[in-house]
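Encoded as C-alpha cells, the structure appears first; notes follow it.
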Amino acid sequence: AFPDNPSDEDLESFDEALLNIRLRHADTEQKMAEAVMDMKLELIDQKLEVDNGLETAVHYFLDRLYITKISVRMLINQHLYVHGANLANPSHVGQIDSHCDVMAVVMEAYSRAARLCDQQYGTHPEIKLVSSNRAEASDDPILFSYVPSHLHHMCFEIFKNSMRATVEKSKEGEMSNLEVMVSKTDADITIKLSDLAGGIPRSQISNLFKYMYTTAGRVGKAHADAVKSSSTLPLSGLGYGLPLSRLYARYFQGDLDISSVHGVGTDCFIYFRSMQQKAPEQIPVFSKSTSKTYREKTIVWQEDWTGQER
C-alpha cells in the first residue's frame with residue numbers, strides 16, 4: 001500500500017512506476033492493429049466472411065480499449081508533467097494548454113504531414129488556411145483549453161489521408177490545394193479540411209471508421225508486412241488512424257465526421273466544445289452488458305459510456 005505520508009523516495013518510485021507503465025503500453029495501438037489485420041488476413045486465407053456480429057464486437061472492444069488507454073495515459077502524463085520529471089510548457093497545466101492556439105497546431109500538423117509526403121512522393125499539396133471567430137472579435141486568434149498533442153494527432157491523421165489522395169489524384173493533372181477552415185462560436189470549434197482528390201463512394205463512408213477495413217487489408221498481406229517492418233511512418237498503414245482520431249475527438253465530447261462527393265473530393269470535420277465546462281471526459285462504463293455484448297456479438301450499440309449528453 002502507498003503510505004499516507006510518502007517520502008521523497010516513495011514519490012520517486014511512484015513516478016518511475018508511472019513512466020514504466022507508459023513505456024510498456026506505448027505500442028498498444030500498433031500491436032492491436034497488427035493483430036486485427038492478422039485476424040482478417042487469416043479469415044481471408046480460409047475463405048471465411050467477416051460477419052457483422054464479429055466486426056461490431058471487435059469495434060466495440062477496441063473503442064473501449066483505446067479510449068480507456070487515452071484516459072489512463074492522460075492521467076499518467078498529467079501527474080508526470082505537474083509533479084514528475086517531465087518538463088511542461090510554462091503556459092500549460094500539465095499537458096493541458098488553457099490557451100491552445102488551434103491555427104498554430106493545425107499548421108504544425110500540416111508541416112509534419114507534408115514532410116512525410118515529400119519523403120514518399122517527392123511533393124505535397126499546398127494549404128489554404130482561413131479562420132472565422134464568432135465567439136470573440138473576428139480577428140482574434142482561435143484559442144481554447146485543450147491538450148495540444150491530441151489536437152495534433154487528429155489533424156496529422158486527416159492531413160496524411162488528404163495528402164496521399166491528392167498527390168495520387170494529381171498524376172491525372174494539376175495538383176489541387178488543401179483548404180482548411182477553423183471556426184469558433186460560443187458553442188463549438190470546428191476544423192474543416194477539404195480536398196479535391198476524387199472523393200469516396202457513399203457506400204464506403206461508414207467503413208472508414210471500422211478497424212477491420214483498411215488500405216492494408218485491401219492491398220493484402222504484403223502491404224501489411226511492409227508497414228510492420230518499415231522504419232519510417234507510412235502515409236497509409238494498418239487502418240487505425242481515423243477510428244483512433246475520432247476517439248480522441250470524442251474523449252472530450254467532440255467528434256470527427258467525413259462527407260464526400262464521389263468524383264470530386266472529401267470534407268473532413270473535427271468538432272470540439274468551446275467551453276471546457278461542457279467537455280467532460282467520455283469513457284466506457286463496464287457492466288454485465290459489456291461481457292454480454294462480447295459473448296453474443298450483438299450488433300445493437302450499447303450506450304454504456306459516461307457523458308452521453310450531447
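The values are calculated or read from the model by the stated rules, or taken from the named source; none is laboratory data. This one's a predicted model, so the numbers in the text were calculated from it and none came from an experiment. Here the Cβ is made from the backbone with ideal geometry for all residues, glycine too, and neighbour counts use every protein chain on show. Areas reflect the complete protein model, heavy atoms only, side chains present, ligands, DNA and RNA absent. Shrake-Rupley method; radii C 1.70, N 1.55, O 1.52, S 1.80 Å.
What the table below lists for this structure:
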| read-out | value |
| --- | --- |
| Helix-only mean residue ellipticity at 222 nm for the chain, each DSSP H run of n ≥ 4 adding -39500 (n - 2.57), per residue, nearest 500 | -15000 deg cm²/dmol |
| Added length on full extension, which subtracts the Cα-Cα distance from 0.36 nm per residue, VAL82 to ASP118 | 9.2 nm |
| Whole-number percent relative contact order across segment 21-155, with pairs defined as alpha carbons under 8 Å at least 6 apart | 22 |
| Cα-based radius of gyration of the chain once divided by 2.2 N^0.38 Å, which approximates compact folds | 1.07 |
| Solvent exposure, largest accessible area first (probe 1.4 Å, DNA, RNA and ligands not counted), of VAL264, VAL105 | VAL264, VAL105 |
| Per residue, the convex hull volume that the Cα atoms of segment 1-104 enclose (Å³) | 176 |
| Across LYS160/LYS292; LYS47/LYS288; LYS210/LYS288, pairs whose alpha-carbon gap is larger than 30 Å | LYS160/LYS292; LYS47/LYS288 |
| FRET efficiency for PHE61 and VAL130, using Cβ-Cβ distance with R0 set to 41 Å, rounded to 0.05 | 0.55 |
| Whichever lysines have a C-alpha closer than 25 Å to that of LYS278, once near sequence neighbours (fewer than 8 apart) are set aside | LYS69, LYS184, LYS192 |
| Where labels lie 7 Å past Cα in the beta-carbon direction, separation of ASP139 and HIS152 in nm | 3.0 |
| Two-site FRET efficiency, GLU12 against GLU172, from Cβ-Cβ distance with R₀ of 41 Å, rounded to 0.05 | 0.10 |
| Loop trypsin sites (Lys or Arg not before Pro), segment 36-141, which have at most 11 other Cβ atoms in a 10 Å radius of their Cβ (DSSP) | LYS47, ARG134 |
